[in-house]
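Visitor: Have a look at this one.
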Amino acid sequence: MKVLVVGSGGREHAVIRKLAENPEIDRIFCAPGNGGISVQAQLVEIKATDVEGMVAFAKKEGIDFVVVTPDDPLVLGMADAMEEAGIPAFGPSKKAAQIEGSKVFAKNLMKKYGIPTAKYEVFDDPSQVIAYIERENQFPAVIKADGLALGKGVVIARNLAEAKEAVHSIMEDKIFGKSGNQVVVEEFLTGKEVSVLAFTDSHTISPMISSMDHKRVYDNDEGPNTGGMGTIAPSPYYTPEVAKRCMEEIFLPTMEAMKKEGRPFKGCLYFGLILTERGPKVIEYNCRFGDPETQVVLPLLKTDLFTIMRAVRDERLGEVDIQWSTGAAACVVLASGGYPKKYETGLPIEGLDENGGHPGVIVYHAGTKKQDGRFLTAGGRVLGVTGLGETLPQALEKAYGAVREITFKNAHYRTDIGKK
């Protein structure tokens, strides 16, 4: 079989490495991919958001199955377009992807169906946002751009000055484009954050092992939000009792709510949760695998990923017994100096073998290119170095041991992943 994976980051590399374990798959293509992915898959120079171009390639190449992983093409309807062309695809429809494509839609869905989340208000006028925040006088205040913003569309303002700056940047300077036409202002919730990815075919929902992302760029959760600087799995705070409550109060109700709205969700549904004193609540939904959560969750998956994906697409997930490894995984992201703002690219990476790996760990390439047999930096987040162990300390020791041996000029990483 020929499989096409859409996307170019560490998440896509993790998916491809797992798919490559299936003996039925003869060839994997990745569009556009990256340097590290080129070791396992044939790269195709098509933008992830080029729906027409991607469908045309899939038809021409005789692709048997497409995995659409990033949010942008899903929100644009790439999974629908593949299905309409007669090519089976893993990923939600355009209508279902709105659960991530619009924060306003997601919050209104939760309110309508009684799914626990932070209280909120929606605005399309910057002056009204500021007036509301001044009136509430509750800090920190959470300000979210309505649409997609590369995982950076959330600002936690500690005071009125920061709130005004955020509103100005999002709604007036349009740093996220049309995504900032509306904003959601939420109450700030305290508690432990947990990410739970789940396979669902709209009839059955099967949560994966929990994980904990580290979003801010510097140690001790300081500095601006990034796409994620590292992650661990499982989360020690996600106990069986919490998992049961999430299934009853959040996971099943969300799946049913989407069906009732005429938007059945088939694919990977990501639940960003916070465990408050009053129970678990939803911070956000994503319509796809998380990045870098995928880099710690998929290494612990024992069941064949391609079998699961086909079952999701065919709405027979209930027939698959999904098994997970015991133990733990930890991923540390090696980023370019200056990320998430300005950074240099094209720097040679030392400490990788000819396949872009390193002994004793799994190295997922997020922003690399291969040139003259060498791997060079080509993005903000460059590598995700994942260690596996029977315990979290063992997994972290392996990951950090390798991170210290993999270098490039101005490389930056957090030294406190998994510490809390």
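The values are calculated or read from the model by the stated rules, or taken from the named source; none is laboratory data. As the structure is a computational prediction, the values presented were derived from the model and not from experiment. Cβ coordinates were reconstructed from backbone atoms using ideal geometry, including for glycine residues, and neighbour counts include every protein chain displayed. Please note that ligands, DNA and RNA were not included when accessible areas were found on the heavy atoms of the full protein model with its side chains. Shrake-Rupley method; radii C 1.70, N 1.55, O 1.52, S 1.80 Å.
Visitor: If we keep just the residues of the stretch 216-261 that are under 19 Å from the mean Cα position of the chain (by Cα) and free of Cβ contacts under 8 Å to residues at least 40 places away in the same chain, which is nearest to Ile99 (Cα to Cα)?
Guide: The extreme case among them is Arg216.
Visitor: Pull out all pairs, ordered by first then second residue, where Cβ-Cβ is under 6 Å, the residues are six or more apart or on different chains, the first lies in the stretch 171-199 and is surrounded by 21 or more Cβ atoms within 10 Å (Cβ to Cβ), and the second is among the charged types (D, E, K, R).
Guide: Gly180/Lys174; Val184/Lys103; Val184/Lys107; Val184/Lys144; Val185/Glu121; Ser195/Asp213; Ser195/Glu293
Visitor: Collect the residues in the stretch 93-142 that are more than 17 Å from Glu187 (Cβ to Cβ), open to solvent by 70 Å² or more (accessible area, probe 1.4 Å) and under 25 Å from the mean Cα position of the chain (by Cα), keeping them in residue-number order.
Guide: Scanning the stretch 93-142 gives Lys94, Lys95.
Visitor: Which of the residues spanning the stretch 342-385 are open to solvent by 70 Å² or more (accessible area, probe 1.4 Å), in contact (Cβ under 8 Å) with a residue 60 or more places away in the chain and among the charged types (D, E, K, R)?
Guide: Passing the criteria: Glu344, Lys369, Lys370.
Visitor: Show me the helices (runs of 4 or more DSSP H) found entirely inside the stretch 212-314 where at least 3 residues are under 23 Å from Val403 (Cβ atoms) and either touching a Pro at 6+ places or on another chain (Cβ under 6 Å) or open to solvent by less than 30 Å² (accessible area, probe 1.4 Å) (or both).
Guide: Details: elements: 240-246, 252-260, 294-297, 305-313.
In the stretch 212-314, 294-297 are the helices (runs of 4 or more DSSP H) which contain 3 or more residues that are under 23 Å from Val403 (Cβ atoms) and either touching a Pro at 6+ places or on another chain (Cβ under 6 Å) or open to solvent by less than 30 Å² (accessible area, probe 1.4 Å) (or both).
Visitor: What are the residues in the stretch 76-92 that are out of contact with any strand residue (DSSP E or B) (no Cβ under 7 Å at 6 or more places or on another chain) and either open to solvent by 30 Å² or more (accessible area, probe 1.4 Å) or on the phi > 0 side of the Ramachandran plot (or both), if any?
Guide: As a first pass, look at the stretch 76-92 and keep what is out of contact with any strand residue (DSSP E or B) (no Cβ under 7 Å at 6 or more places or on another chain): 76-77, 80-81, 84-86.
The answer is Leu76, Gly77, Asp80, Glu84, Ala85, Gly86.
Visitor: May I pose another question? Considering only residues that are in contact with a strand residue (DSSP E or B) (Cβ under 9 Å, 6 or more places away or on another chain) and part of a loop (DSSP other than H, G, I, E, B), look in the stretch 94-125 and name the one that is nearest to Met255 (Cα to Cα).
Guide: Filtering the stretch 94-125 down to residues in contact with a strand residue (DSSP E or B) (Cβ under 9 Å, 6 or more places away or on another chain) leaves 96-97, 99-100, 103-104, 106-111, 115-124.
Checking which are part of a loop (DSSP other than H, G, I, E, B) leaves us with 115-116, 118-119, 124.
On the way: Ile115: 11, Pro116: 14, Ala118: 19, Lys119: 21, Asp124: 29 Å.
The extreme case among them is Ile115.
Visitor: Is it true that Thr190 is within 19 Å of the chain's Cα centre (by Cα) and either among the β-branched types (Val, Ile, Thr) or under 30 Å from Arg135 (Cβ atoms) (or both)?
Guide: The answer is no for Thr190.
Visitor: Is one or more of the residues making up the stretch 17-40 buried (at least 24 other Cβ atoms within 10 Å of the Cβ), touching a residue at least 60 places away in the same chain (Cβ under 8 Å) and β-branched (Val, Ile, Thr)? Before the answer, list the steps.
Guide: Restricting attention to the stretch 17-40, the residues satisfying the condition of being buried (at least 24 other Cβ atoms within 10 Å of the Cβ) are 30-31, 33-34, 36-37.
Now narrow it down to the ones that are touching a residue at least 60 places away in the same chain (Cβ under 8 Å): 34, 36-37.
Still in the list and also β-branched (Val, Ile, Thr): 37.
Checked the stretch 17-40: at least one residue is buried (at least 24 other Cβ atoms within 10 Å of the Cβ), touching a residue at least 60 places away in the same chain (Cβ under 8 Å) and β-branched (Val, Ile, Thr).
Visitor: Something else about it: Might you check whether a residue that is closer than 26 Å to Val297 by Cα and buried (at least 17 other Cβ atoms within 10 Å of the Cβ) occurs anywhere in the stretch 48-61? Even if it seems obvious, please write down each step before you answer.
Guide: Step one: filter the stretch 48-61 for residues closer than 26 Å to Val297 by Cα, giving 48-49.
Within this subset, residues satisfying the condition of being buried (at least 17 other Cβ atoms within 10 Å of the Cβ) are 48.
Checked the stretch 48-61: at least one residue is closer than 26 Å to Val297 by Cα and buried (at least 17 other Cβ atoms within 10 Å of the Cβ).
Visitor: May I pose another question? Find all pairs meeting these conditions: Cβ atoms under 6 angstrom apart; at least six residues apart or on different chains; first residue within the stretch 57-71 and closer than 19 Å to Leu19 by Cα; second residue of a type in the set (Lys, Arg) and part of a loop (DSSP other than H, G, I, E, B).
Guide: From the stretch 57-71, the pairs are Thr69/Arg288.
Visitor: Given the criteria touching a strand residue (DSSP E or B) at 6+ places or on another chain (Cβ under 7 Å) and of a type in the set (Lys, Arg), does Arg158 qualify? Outline the logic, then answer.
Guide: Details: touching a strand residue (DSSP E or B) at 6+ places or on another chain (Cβ under 7 Å): no; of a type in the set (Lys, Arg): yes.
The answer is no for Arg158.
Visitor: Please find, within the stretch 386-408, the residue that is surrounded by the fewest Cβ atoms within 10 Å (Cβ to Cβ) out of those that are part of a helix (DSSP H, G or I) and touching a residue at least 60 places away in the same chain (Cβ under 8 Å). Before the answer, list the steps.
Guide: To start, the set of residues in the stretch 386-408 that are part of a helix (DSSP H, G or I) comprises 392-403.
In the following step, the residues that additionally are touching a residue at least 60 places away in the same chain (Cβ under 8 Å) were identified as 392, 394-396, 398-400, 403.
Working: Leu392: 19, Gln394: 15, Ala395: 25, Leu396: 22, Lys398: 20, Ala399: 29, Tyr400: 19, Val403: 25.
Among those residues, the one meeting the criterion is Gln394.
Visitor: Restricting attention to the stretch 321-342, report how many residues are touching a Ser or Thr at 6+ places or on another chain (Cβ under 9 Å) and either among the hydrophobic types (A, V, I, L, M, F, W, C) or under 21 Å from Thr231 (Cβ atoms) (or both). Full working, then the answer.
Guide: Within the stretch 321-342, the subset touching a Ser or Thr at 6+ places or on another chain (Cβ under 9 Å) is 321-324, 327-336, 339-340.
Checking which are either among the hydrophobic types (A, V, I, L, M, F, W, C) or under 21 Å from Thr231 (Cβ atoms) (or both) leaves us with 322, 324, 327-336, 339-340.
Of the residues in the stretch 321-342, 14 are touching a Ser or Thr at 6+ places or on another chain (Cβ under 9 Å) and either among the hydrophobic types (A, V, I, L, M, F, W, C) or under 21 Å from Thr231 (Cβ atoms) (or both).
Visitor: Can you find a residue in the stretch 150-169 that is acidic (Asp, Glu), assigned to a helix (DSSP H, G or I) and surrounded by fewer than 20 Cβ atoms within 10 Å (Cβ to Cβ)?
Guide: Pass one, the stretch 150-169, residues acidic (Asp, Glu): 162, 165.
In the following step, the residues that additionally are assigned to a helix (DSSP H, G or I) were identified as 162, 165.
The next check asks that each one be surrounded by fewer than 20 Cβ atoms within 10 Å (Cβ to Cβ); those that pass are 162, 165.
Yes: one or more hits.
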